[in-house]
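Every number here is computed from the coordinates shown, using simple stated rules; none is lab data. As the structure is a computational prediction, the values presented were derived from the model and not from experiment. No Cβ is skipped: glycine too gets one built from the backbone with ideal geometry, and neighbour counts run over all protein chains shown.
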Number of protein chains: 2
Amino acid sequence: MAERPSLSRNGSKMLRRPTIRDVAQAAAVSPGTVSNVLTGRRNVDPAIRERVLGAVEALGYRPDVAASSLRSTERNVVGAVVPELTNPFFACLVDRLEREARAAGKRLLVGASNGDPLEEEREVAALAAWRPAGLIVVPCDGRFGARRLLEREGVPFVVVDRPLEEGEPVDTIAVDNAAAAAEAAHRLLALGHRRVLAIASSLALGNMRERLAGVEAEVAAVDGAELETLEAGFEPEEITTAVAARLAREPRPTAVFALNNVLTLGVLRASADIGLVVPDDFSLIGFDDYDWMEVFRPPLTAVRQPVPELAHMAWQRLAERIGPAAEDTVAGTPCHLRLPCHLIWRGSVAVPPEVRIGSSSSKSAAATTGSCSS
Amino acid sequence: MAERPSLSRNGSKMLRRPTIRDVAQAAAVSPGTVSNVLTGRRNVDPAIRERVLGAVEALGYRPDVAASSLRSTERNVVGAVVPELTNPFFACLVDRLEREARAAGKRLLVGASNGDPLEEEREVAALAAWRPAGLIVVPCDGRFGARRLLEREGVPFVVVDRPLEEGEPVDTIAVDNAAAAAEAAHRLLALGHRRVLAIASSLALGNMRERLAGVEAEVAAVDGAELETLEAGFEPEEITTAVAARLAREPRPTAVFALNNVLTLGVLRASADIGLVVPDDFSLIGFDDYDWMEVFRPPLTAVRQPVPELAHMAWQRLAERIGPAAEDTVAGTPCHLRLPCHLIWRGSVAVPPEVRIGSSSSKSAAATTGSCSS
DNA sequence: AAGCTTCGTTAAAACGATTTACGGGAGGTC
DNA sequence: GACCTCCCGTAAATCGTTTTAACGAAGCTT
């Protein structure tokens, strides 16, 4: 029971942080009782509880997270790995996950893979070392090699936004990419567009493949309609040049569908570079909707993803996996949840020139109701 | 030395995660030696080191972070608290800080205060419980009440982006708000603008006050020039209505300076709502520059902040505070670093109508070189 | 060759909390 | 009143790692 007033280097008197033993001593109880008061695991006499809380307050005691999580069976962190923090879609996702975590009394540990499977694996491994309750991952390719590690280590995880390759028995929370893309394509076709260009980042991504499939199905159903696909990559510059190169070439598509927010921006940049005007020279729909798209001129038609719901459902699913007896009840039934998107109809889509000549109707397309059929 | 093969609930054979003792046993050395190999704190015989690393690999051993940071003197996390994760400015900051942390072998723990000083304090307290090496904070008001807690607890911290109230001996890394705002204002005045509206979120924020001061100084130096200030808040809706209300009233300013990215968006929304056109009805400059502003029509003139440098300097400063003998060498000299911004001149600023009538020069302002004088 | 330093390994203590096992007192039943 | 149960507080064990202290071997000096 030796005293340890521990001086700091500069000699000033700086008491070390109070431990649970200090609190126990101040309240004249045992450390175990203090723990019981703070964690609430066992009942404690009200008078004693007050004394303990008083001592906690007086000393400014705050439990050491490392010590707590070392001994405790309770896991108090959840990891999240996303391709990039600066992409507003992922930023929003992380923000919502952080709120979910806080509401559950846990801390969210975020990691970025920067689109590199190797970094992703490193990040997943690093997070696994924290003994997290689970991981929420947006994989940067359809393989998600790091899943082996998680399975070996017994860490529950949920995949968000980007479905893995077919047949993987993995919990997946995503939007209904095919339906949302199909609805957008359907509207374009209905207006008379026959040359549609769909721009994806990479076909290695499940969400991109699904969106393309949705568009493809609609285009195939319309006689004389042609779908062209462009794989434009991830970096702004490469996207811009790739898109500009295509748009400068005849025959130019009458409608362009940018399959994520970075691509939408790339299309706008390319379009500006080569002097094309939306929607006069081509119509534009983007997957992902952001504030600035509403005030853009023309206002951009876009598919809005329900990111908060995505985060909520991912969290909920992970909670099920974590909960007591999780293995018995939900192990055999990996869920593949699909949330409906919402098509926001604005002014960046017009009737194509061919139709425009034939009919005398107004140039800009009339907005019909744009709710997404789930 | 009892065996513990620990079965999981569903009865499948699942060995517990290997510990350092397992590795030690497999390599026929003591746990201390394994630790020395992995942390590199002490020299280990090459042959033994190979044996240990082999055992680590074979068992898939990964040190438990909680146990490690409980015992170690080394602090392996750094906390970051920002007002909101979804604001691209903070998202970018967090992204860069995360990279800095990773490069330093630490993990960044991010927390959001959502603009609420109480939440901020809770978040800071929560992060302090992790025994972080330090904290990087963007406070949500000029008081930063949570600093008491940090000082009491002895946690080093650096304030970023928003300087505290005068006279606070606190490390602060920010941009040169006054100079950047002054340069922008100077350019507006030089074009002939005399009614300037500066829109801030809240005057409780140090960065806003500095930016206003920069504008004010320039306006005061020009005869007949008037500066009007609007405090528009933080939420998109309130900003939009406040700005719209002002812009609908005569006399309308000929130039608007939105003092952050959210405000810029608010101005654009308000402008669209009441049917005004930039730059015909008023010129617009925004603090903060983002990708979409370049492709906007008209392209938005903006002040670009050096966020990566901001993050780098903040990290570096924190490292100094953390490093050995930090108290002796740097304690008495809180630094107030100011990084230069860059004015990106685009098409959203025009010559005001008064001048336009008088002269026969082109309507849109000619772009002169726009580098920011530090 | 004795004595001293240096180097590398090990056993054991320590970090700060939670959990377990135990024990004493109160209350209830027969 | 004996006996059993329940409740609640305490002491001690424990989590998995790092650090400290001790120790033997090897190298160097004189």
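Counting Cβ atoms of other protein chains within 10 Å of each Cβ in A:267-275 and taking the mean gives 2. Put simply, the amide H of A:ALA225, placed in the peptide plane, has no neighbours under 5 Å, leaving out anything fewer than 5 places away on its chain. With neighbour counts taken as other beta-carbon atoms within 10 Å, the residues A:THR333, B:THR73, B:THR264 rank, fewest first, as B:THR73, A:THR333, B:THR264. If you take the Cα centroid of segment A:122-164 and the Cα centroid of segment B:97-134, the two points sit 23 Å apart.
Distances from B:ILE274 to itself in the other copies, using label points 7 Å out along the Cα-Cβ axis, amount to 4.1 nm in increasing order.
Averaged over the residues of peptide A:289-299, the number of Cβ atoms from other protein chains lying within 10 Å of each residue's Cβ is 5. Distant-in-sequence amide contacts of B:LEU284, defined by a placed amide H-H separation under 5 Å and a gap of 5 or more residues or a different chain, comprise B:VAL256, B:VAL349, B:ALA350. Remark: label point of A:PRO334 defined 7 Å out from Cα along the Cα-Cβ vector; separations to the same position in other copies 5.3 nm, ascending.
The HN-Hα couplings worked out from phi for segment A:183-190 by the Karplus form 6.51 cos²θ - 1.76 cosθ + 1.60 (θ = phi - 60°) are 4, 4, 5, 4, 5, 4, 5, 4 Hz, whole numbers, x standing for Gly and Pro. For segment A:143-154, 3J(HN,Hα) computed residue by residue from phi via the Karplus equation (6.51, -1.76, 1.60; θ = phi - 60°) reads 7, 6, x, 5, 5, 3, 4, 5, 5, 4, 7, x Hz, glycine and proline entered as x.
By definition, a body whose alpha carbon gyration tensor gives a ≥ b ≥ c is prolate when a/c is 1.5 or more and a/b is larger than b/c, and chain B fits this prolate description. Ellipsoid fit via the Cα gyration tensor, the protein assembly as shown: semi-axes of 49, 37, 22 Å, each the root of five times an eigenvalue, largest first.
Under 5 Å between amide hydrogens, built in the peptide plane, is the criterion, and for A:LEU109 it picks out A:VAL78, A:GLY79, A:ALA80 among residues at least 5 positions away or on other chains. Counting Cβ atoms of other protein chains within 10 Å of each Cβ in B:63-72 and taking the mean gives 6.
A label point on B:GLU238, set 7 Å along the Cα-to-Cβ line, lies at 4.4 nm from each of its counterparts in the other copies, closest listed first.
Considering only B:ALA200, B:ALA28, B:ALA103, the Gaussian network model of chain B with Cα springs below 10 Å gives its largest mean-square fluctuation to B:ALA28. Charge dipole (Cα centre; +1 on Lys/Arg Cβ, -1 on Asp/Glu Cβ; no other charges) of chain A amounts to roughly 1720 debye. Angle, helix A:88-103 long axis vs. longest principal axis of chain A, Cα atoms, 0 to 90°, nearest 10? Value to nearest ten degrees: 30.
Springs join every pair of Cα atoms under 10 Å in this Gaussian network model of chain B, and among B:VAL277, B:VAL124, B:VAL349 the largest mean-square fluctuation is at B:VAL277. Summary of the geometry: segment B:16-76 and segment B:214-279, compared by the centres of their Cα atoms, lie 61 Å apart.
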